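Okay, structure first, notes after.
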Amino acid sequence: MLKQTIDILTSYDKPKKVCIMGNVAVARAAIECRVDAVFSYPGTPSTEVSEVFNHVSEFQGKPAHKEKYPALTSYPVYFEYSVNEKIALEKAIACSIGGKSAMCVMKNVGMNVASDALMTITYQTIGAPLVLVVCDDPGCHSSSNEQDSRYWGPMASIPVFNPSSPLDACRMTKDAFVLSGKIKLPVMVRMTTRVSHTRGMTVYHSIPPPMSSHAFRFLPEHINIPARTGLAHKKLLSRLDDPLCRSMLKKYCVQSSKGKNEKMAVISSGVASVYFREISAQNNLSGKLRYMEAGMIHPIPENEIRKFLQNGCKKVLVLEELEPFIENAVRIVAQKYSLPCKIYGKNFSSLTVTGEYSLDIVRDSVEEFSGIRMLKNKKLPVLPDDLKNSVSPRPPVLCAGCPHRATFYLLKLLVPREQKEMILCGDIGCFGLGALPPLKMIDTIHHMGMSISMAQGLYEAMKSEGKEQKTVALVGDGTFFHSGISSLMNAVYTRANMLVVIFDNRTIGMTGHQDHPGAAHPPKYNELDIVSVVKGLGVKSVETINPFNLRESYQILKKAMLADGVSVVVAKAPCIFLTGLNLKKFARRKIVIDPERCNSCANHCDMSLSCSLPHTQRGNLVRAKMKIAAHTQIPAQEQLCPANICNHGFLNAIQTGDFKSAVEIVRDKMLFSKTCGDICHRPCELFATNHVSGIVPIRSLKKFVSSKNGNYRDFAHPIQRARSAKPNGKKIAIIGAGPAGLSAAYDLVQAGFQVIVYDKENKPGGMVTYAIPSFRMDKEAFIHEAGQLEKMGVTFHFKKVLGKEITLEELSGANDAVLLAIGLNRSKKLEIVDKNVPDNQKWDVLTFLKDFHLNRLSLHPGSAVLVIGGGNSAIDAARTVKKLSPMNIVLVSCIETSDAMPAFPEETGHALQEGILILHDSYVQKCTTGTDGKISIDLLSYGTKKMLSRFECDYVITAIGQESACAEFSPLDGQYLDENNRIIKQENGYTGYKNIFVAGDLCSGNHMSVIGAIAGGKMAATGIRKFLGNYSYDYEGKDGLERLNRSMPARQAETIIINGNLAEITDQYNLYQSCMKCNHCIENFGCPAMLRVNGKVQVDMDKCTLCGFCIDVCPNDAVRWEMEGM
Amino acid sequence: MPHNNTTKILIAGVGGQGIVYLSDILVEASLLAGIPTGVSEIHGLSQRGGTVTSSITFGKNSYGFIEEGGADFLIGLEPLEAIRCNNLLHGESVAVIDVKRIIPYAVNTGSVPYPDTGRFIEYLKENIRKVIRIKDDLPGIEPVMRNIIVLGVTASQKKFPVDSRFIDKIVGKISPEHLKYFRDAVNNPLTYSYFGKSKN
């Protein structure tokens, strides 16, 4: 840049040939005219003009340069990036009035902002020359419209030059200064993208010494009052008729000398002239038609056009981009002078009002117009379709490391996009890229500064519709000062209800990092603090966030979103280009992605197992959101399920609002979603010991999602899976239709086995059917769930008692494998009760509960009942007695202390509430039955053996556990049994005997619970698969099951009853682990440094700026820092 | 071909690959050589990873614009971008293509495949004068040097409009290292690239 700056300030007495951009040519021309001051607001395609002066101003301001380059610094050019185009033009006008020559530079739409100043100054007078450079953007490469700024000429009555090339731009800008000084009007140089950004040959000349200038003159013209304007208008029009103006029209609307008597003619203007020149040279058109280039286009070159078309011209083709400006002028002239000439322009051939012209368009239209055959290159054969179709567009994206990405991401976490309730009003600037995928966090973009007004207006519009919904305005820092500021003032003034997020990246990023009032470089500029400005406008709630600090910023934004009235959040972090992309050179670390965690399932080894977590962008976003928003972060392996249900996926589905999928995720592993929601032991909650701030209430959630909309009733998916399983020809007999047997059957039938279940009862369900009272669980739901296996293809043989109708040996011979899962159906007896209480006054707990289930109990109301035992069955029995009649008196005696009691705490809680007395640390020392039928009991402390209580009761229920009766009917005896007569299992439930497996309560060491039985059944199913085939995976719930088998709950978990806002509960938690159904980073924030290769994401270190954002948001925790050399 | 005394070069790639840098070098060199030149660049939002093309014309009566079928040389710094410019090539064109991919977003998400570069090279071999493919792996050479190497390989070709000695002078002023690679690529293009068989 220094080289270009020195070059542009150097006077060349001997003209120097250069190849420069059109915009630079304009700047050089202004310097050759000794411009005193340049005012601008940056905007593509005009920016390079002002950039030249920004560098010049910086160069000339350096004291060292004053010494080193005296010739280049002796006449300093004042330059500023004004707050907006209106201010820029106003100051340029003022400068000119003050006697200094000025140039004002802006893009097409900037002129709209500045127009108020332009429309009136023409009625008055300027002083020194004032040139206005406006750059149009045909084809809208980087603009919000394709307006044709040439119309400002007739609109404001100012002369307009329209260069076709850098060389033209240089010549015309110089003449614009001369003309403006003479006629005391601003003169416009109207550029287009293709002229501004094309580099072409031009010449640097000498720079004359500055002309003597005058100061402000006290003239009546400087005061605009209506009485003077009428006269002023006439004067203005006469100035356009100035001889200098006319001579310049002649100079720049010149007819080529060859072919001037031909019948056909071409008039071109702007870049179309360059295209025509090239086509004409290629095809030797010179002399075959009349040709004129219109370089100065306002005032309309009426004389030139008339002369050009006179004397026999039959038809003329007008070549100009955008509107038919010249074409209409030609039509006026032809009509006025009755020229018999047909006029072709817009809509002829491929000439359109929209978009840019090209060599091809101009060549084809000239060919069609003239009938002269043009030379054309032979094109290559058409690309094969597959190649053609895979040439995808390359839309611009926010840069790697851009802080706006973090801000948009935060908004994405906070504003649910599915409902489309909250409208996000965006604005002009790089952050407008947030409207494109994958961010898509902007709903409206209009012109510059519109966002804040848009949000206000939309709020009012919706309010009148009855929807009082806060709106959000998103605005860049530059735009805020450009025109957002007055709109914010209006919002405060009119009591709007909106959140304004100012994307403060400390610069005007889009156009190449210019200063603005909020991010200025002293000493030249004075920086304004956005927060103070906003507060000064009367906004009460103003916060600043560092968007890369996601957790804190999330909470602040959330609060601001809930605040009433106008709230403003300034997301402040510098553009990545300002912090220096070379940071990497100094950083001794890099970002790596662990492929083991990226898009990987942490729950399964066997990827053929069903996973019902749908892959949704929202699901992944929710996972990532919890990482930032939840206050409780729990690794999913701490809330393990012995049945290997993916609790992480389960919670994620619920957080996404997809309750049906949550139920399906449970069903991926077992039948009993609703039943487990009621009565699961919930080891996932009880054994999650590392988290003091709370654990995810899986069981309550399971109950909620299963019940919701009757979700548990729909078994279509598991049935479909079982039906579509490929039969493997293997036959399995399962004895016992309890949770263990049914769970094994569920897995085996889905793996293609033929499964036959035998049970002594007449329906599936086993002990759960009658041993757990109906007030603790939904029996109907249980029966429904247990009954689904038949639909899945499992055969049931009921009323088959092992040892009678069926034998183990027979089944073993007739099947490929046998699973023994008949449970422990014999209650243990307490000798003291057994001996001393008559049969009609005592029950074992299973008989009691079964009798209750079958409605066979008849106790006198007001009976006193002693229940001996501390497990759930004891409490069930006690509560059952109370259900029979509230008048019954129930006492529970257990040897455990209260904190060691095996019954669920909430069950004992219910019991206590119902008036049941629980005597902990007690045992029956004496028990006698009197002749009156009263049973007299002495209870002693189990610990101290001291007498606790003596009382009388009517009945005793013993609930001290069950034992196996298998020795009676099974060949498995002696060495196969433990001390409780439970069958000792080897790996995965194998008994070691023939092809027989064991599961559930009958299996030694297996936890005596529904979940213990389910997991045991599943493990045995895995064992059978390994035993019979090539199945290579171990039981995936093994860790959970082992933990269940060996530990006691370390803490008591509260059961949550879900009836209010589910999100209030679930949003507290992040139960995280890596997940296969991810792709979060690619789908949700689209950092250009992140690539997906073979399903895994990789970091492109060439592009990575080490912002670390991906580390903070990866829901799989797969991204991390790696120190160099480690 | 219509241009008897004009040569047109198209440089295509993605923002950040140094397209403007290469065109600057060519412009300066042709000024040294006394060849009139013009450049037209399209880089709407190039800093943000968008497509960038630069068309450079050498000789009188051309102004930096290339019509369909008008590019005598294609310098493709990225294969997908080279394919996108396919319509500007003609039967006598020479294409020098760096096949190192820069994946666009749509490909990243898996919604469209990346074009089959090999098939495109085959297509070019059948239809244009010469196809040169820059080697994927250039051991010991930093990625930022690839563009100057591509320029060197292109400048080694017959009919290249600017004598490489003029380019040497310009590149030498920028960096001795760039000059070293440029020179080497001009002298030993086969170190860095594979030459496709010409159809003739």
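Filter the range A:952-988 down to the residues that are at positive phi and either in the same structural domain as residue A:859 (by TED's automatic domain parsing) or touching a residue at least 24 places away in the same chain (Cβ under 8 Å) (or both) and list them by number. Can you show your working first?
Residues of the range A:952-988 at positive phi: A:961, A:974, A:981, A:988.
Within the range A:952-988, A:961, A:988 qualify.
Test residue A:1004 against the criterion of being over 21 Å from residue A:769 (Cβ atoms) and either surrounded by fewer than 21 Cβ atoms within 10 Å (Cβ to Cβ) or not assigned by TED's automatic domain parsing to the domain that holds residue A:742 (or both), and give yes or no.
Numbers: over 21 Å from residue A:769 (Cβ atoms): yes; either surrounded by fewer than 21 Cβ atoms within 10 Å (Cβ to Cβ) or not assigned by TED's automatic domain parsing to the domain that holds residue A:742 (or both): yes.
Judged against the criteria, residue A:1004 is a match.
Looking only at the range A:373-388, filter to residues that are more than 8 Å from chain B (Cβ to nearest Cβ) and in a helix (DSSP H, G or I); which one of those is farthest from residue A:505 (Cα to Cα)?
A:385
Collect the residues in the range A:655-674 that are β-branched (Val, Ile, Thr) and modelled with pLDDT of 95 or more, keeping them in residue-number order. Steps first, please.
Quick first cut of the range A:655-674, residues β-branched (Val, Ile, Thr) only: A:656, A:663, A:665-666.
Those that are β-branched (Val, Ile, Thr) and modelled with pLDDT of 95 or more: A:663, A:665, A:666.
In this structure, does residue B:135 turn out to be of a type in the set (Lys, Arg) and either surrounded by 14 or more Cβ atoms within 10 Å (Cβ to Cβ) or within 18 Å of the chain's Cα centre (by Cα) (or both)?
Details: of a type in the set (Lys, Arg): yes; either surrounded by 14 or more Cβ atoms within 10 Å (Cβ to Cβ) or within 18 Å of the chain's Cα centre (by Cα) (or both): yes.
For residue B:135, the condition - of a type in the set (Lys, Arg) and either surrounded by 14 or more Cβ atoms within 10 Å (Cβ to Cβ) or within 18 Å of the chain's Cα centre (by Cα) (or both) - is met.
Check whether at least one residue in the range B:77-86 is within 8 Å of chain A (Cβ to nearest Cβ), touching a residue at least 40 places away in the same chain (Cβ under 8 Å) and open to solvent by 10 Å² or more (accessible area, probe 1.4 Å), and report yes or no.
Yes; the residues of the range B:77-86 include at least one that is within 8 Å of chain A (Cβ to nearest Cβ), touching a residue at least 40 places away in the same chain (Cβ under 8 Å) and open to solvent by 10 Å² or more (accessible area, probe 1.4 Å).
Could you grab me the full set of residues in the range A:796-845 that are of a type in the set (Phe, Trp, Tyr), buried (at least 18 other Cβ atoms within 10 Å of the Cβ) and farther than 30 Å from residue A:863 by Cβ?
Matches in the range A:796-845: A:796 only.
Say whether the condition of being away from every other protein chain (no Cβ under 14 Å) and over 23 Å from residue A:302 (Cα atoms) is met by at least one residue in the range A:151-164. I'd like the intermediate steps shown before the answer.
As a first pass, look at the range A:151-164 and keep what is away from every other protein chain (no Cβ under 14 Å): A:151-162.
Next cut, over 23 Å from residue A:302 (Cα atoms) only: none.
No - not one qualifying residue is present in the range A:151-164.
Would you check if there is a residue in the range A:178-193 being open to solvent by 30 Å² or more (accessible area, probe 1.4 Å), touching a Lys or Arg at 6+ places or on another chain (Cβ under 9 Å) and at positive phi?
Checked against the condition, which is being open to solvent by 30 Å² or more (accessible area, probe 1.4 Å), touching a Lys or Arg at 6+ places or on another chain (Cβ under 9 Å) and at positive phi, the range A:178-193 yields at least one hit.
What residue, of A:922, A:893, A:970, is polar (S, T, N, Q), surrounded by 19 or more Cβ atoms within 10 Å (Cβ to Cβ) and either out of contact with any Ser or Thr (no Cβ under 7 Å at 6 or more places or on another chain) or farther than 22 Å from residue A:834 by Cβ (or both)?
A:970
Of all residues in the range A:7-29, count the ones that are touching a Phe, Trp or Tyr at 6+ places or on another chain (Cβ under 7 Å) and open to solvent by less than 40 Å² (accessible area, probe 1.4 Å).
3
Residues are listed down the side, and each one gets a yes or a no for (1) within 57 Å of the chain's Cα centre (by Cα); (2) under 27 Å from residue A:843 (Cβ atoms):
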{"residue": "A:946", "(1), (2)": "no, no"}
{"residue": "A:951", "(1), (2)": "no, yes"}
{"residue": "A:965", "(1), (2)": "no, yes"}
{"residue": "A:968", "(1), (2)": "no, yes"}
{"residue": "A:995", "(1), (2)": "yes, no"}
{"residue": "A:1024", "(1), (2)": "yes, no"}
{"residue": "A:1035", "(1), (2)": "yes, no"}
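When both residues are 6+ apart or on different chains and their Cβ atoms are under 6 Å apart, which pairs have a first residue that lies in the range A:833-846 and is under 16 Å from residue A:963 (Cα atoms), and a second that is assigned to a helix (DSSP H, G or I)?
Sorted first by the residue in the range A:833-846, then by its partner, the pairs are A:845/A:873; A:845/A:877; A:846/A:771.
Grab the helices (runs of 4 or more DSSP H) fully contained in the range A:639-719, keeping just those with 3 or more residues being out of contact with any His (no Cβ under 6 Å at 6 or more places or on another chain), open to solvent by less than 20 Å² (accessible area, probe 1.4 Å) and not hydrophobic (A, V, I, L, M, F, W, C).
Fully inside the range A:639-719 and qualifying: A:647-655, A:673-679, A:698-707.
With the range A:1070-1123 as the region, which strands (runs of 3 or more DSSP E) entirely inside it contain at least 2 residues that are surrounded by fewer than 22 Cβ atoms within 10 Å (Cβ to Cβ) and touching a helix residue (DSSP H, G or I) at 6+ places or on another chain (Cβ under 8 Å)?
Where strands (runs of 3 or more DSSP E) fall fully within the range A:1070-1123 and carry at least 2 residues being surrounded by fewer than 22 Cβ atoms within 10 Å (Cβ to Cβ) and touching a helix residue (DSSP H, G or I) at 6+ places or on another chain (Cβ under 8 Å), they are A:1090-1093, A:1119-1123.
Considering only helices (runs of 4 or more DSSP H) fully contained in the range A:259-361, which possess at least 3 residues that are over 30 Å from residue A:236 (Cβ atoms) and open to solvent by 20 Å² or more (accessible area, probe 1.4 Å)?
Qualifying helices (runs of 4 or more DSSP H): A:271-282.
Of everything in the range A:720-769, what is surrounded by fewer than 24 Cβ atoms within 10 Å (Cβ to Cβ), more than 47 Å from the chain's Cα centre (by Cα) and not hydrophobic (A, V, I, L, M, F, W, C)? Give them in sequence order.
Selection gives A:729, A:730, A:731, A:758, A:760, A:761, A:762, A:763, A:769.
I need a count of the residues in the range A:858-873 that are surrounded by fewer than 17 Cβ atoms within 10 Å (Cβ to Cβ) and touching a helix residue (DSSP H, G or I) at 6+ places or on another chain (Cβ under 6 Å).
Our first condition is that a residue be surrounded by fewer than 17 Cβ atoms within 10 Å (Cβ to Cβ); within the range A:858-873, this holds for A:858-862.
Among the residues that remain, those that are also touching a helix residue (DSSP H, G or I) at 6+ places or on another chain (Cβ under 6 Å) are: A:859.
Residues that pass the stated criteria total 1.
For every residue, the table says whether it meets (1) surrounded by fewer than 24 Cβ atoms within 10 Å (Cβ to Cβ); (2) within 9 Å of another protein chain (Cβ to nearest Cβ); (3) in contact with a His (Cβ under 6 Å, 6 or more places away or on another chain).
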position: B:32; (1), (2), (3): yes, no, no
position: B:54; (1), (2), (3): no, no, no
position: B:75; (1), (2), (3): no, no, no
position: B:105; (1), (2), (3): yes, yes, no
position: B:117; (1), (2), (3): yes, no, no
position: B:124; (1), (2), (3): no, yes, no
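So which residues in the range A:1059-1095 are in contact with a strand residue (DSSP E or B) (Cβ under 6 Å, 6 or more places away or on another chain) and more than 27 Å from residue A:595 (Cβ to Cβ)?
Listed by number, the residues that qualify are A:1068, A:1069.
Residues are listed down the side, and each one gets a yes or a no for (1) within 18 Å of residue A:961 (Cβ to Cβ); (2) of a type in the set (Val, Ile, Thr); (3) in the same structural domain as residue A:861 (by TED's automatic domain parsing):
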{"position": "A:889", "(1), (2), (3)": "no, yes, yes"}
{"position": "A:895", "(1), (2), (3)": "yes, yes, yes"}
{"position": "A:899", "(1), (2), (3)": "no, no, yes"}
{"position": "A:931", "(1), (2), (3)": "no, yes, yes"}
{"position": "A:935", "(1), (2), (3)": "no, yes, yes"}
{"position": "A:941", "(1), (2), (3)": "no, no, yes"}
{"position": "A:946", "(1), (2), (3)": "no, no, yes"}
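Tally time: how many residues in the range A:139-166 are more than 16 Å from residue A:239 (Cα to Cα), out of contact with any Gly (no Cβ under 6 Å at 6 or more places or on another chain) and not aromatic (Phe, Trp, Tyr)?
Within the range A:139-166, residues that are more than 16 Å from residue A:239 (Cα to Cα), out of contact with any Gly (no Cβ under 6 Å at 6 or more places or on another chain) and not aromatic (Phe, Trp, Tyr) number 10.
Given the residues A:269, A:273, which is the only one that is of a type in the set (S, T, N, Q), under 53 Å from the mean Cα position of the chain (by Cα) and within 14 Å of chain B (Cβ to nearest Cβ)?
A:273
Tell me, please, whether a residue that is in the same structural domain as residue A:40 (by TED's automatic domain parsing), at pLDDT 95 or above and out of contact with any strand residue (DSSP E or B) (no Cβ under 8 Å at 6 or more places or on another chain) can be found in the range A:88-96.
We begin by selecting, within the range A:88-96, every residue in the same structural domain as residue A:40 (by TED's automatic domain parsing); these are A:88-96.
Narrowing further to those that are at pLDDT 95 or above: A:88-96.
Then keep just the ones that are out of contact with any strand residue (DSSP E or B) (no Cβ under 8 Å at 6 or more places or on another chain); that gives A:90, A:94.
Yes, there is a match, as at least one residue in the range A:88-96 is in the same structural domain as residue A:40 (by TED's automatic domain parsing), at pLDDT 95 or above and out of contact with any strand residue (DSSP E or B) (no Cβ under 8 Å at 6 or more places or on another chain).
For the range A:415-422, indicate whether the set of residues that are at the interface with chain B (Cβ under 7 Å from one of its Cβ atoms) and of a type in the set (A, V, I, L, M, F, W, C) is non-empty. Write out each step before concluding.
Restricting attention to the range A:415-422, the residues satisfying the condition of being at the interface with chain B (Cβ under 7 Å from one of its Cβ atoms) are none.
Looking for residues that are at the interface with chain B (Cβ under 7 Å from one of its Cβ atoms) and of a type in the set (A, V, I, L, M, F, W, C), one finds none in the range A:415-422, hence no.
What's the number of the only condition in (1) touching a strand residue (DSSP E or B) at 6+ places or on another chain (Cβ under 8 Å); (2) assigned to a loop (DSSP other than H, G, I, E, B) that residue A:728 fails to meet?
Result: residue A:728 passes all but (1).
The values are calculated or read from the model by the stated rules, or taken from the named source; none is laboratory data. Keep in mind the model is a prediction, meaning the values are calculated, not measured. Positions of Cβ are backbone-derived with ideal geometry, glycine not excepted, and every protein chain shown enters the neighbour counts. Accessible surface is based on the protein model in full, side chains and every heavy atom, while ligands, DNA and RNA are left aside. Shrake-Rupley method; radii C 1.70, N 1.55, O 1.52, S 1.80 Å.
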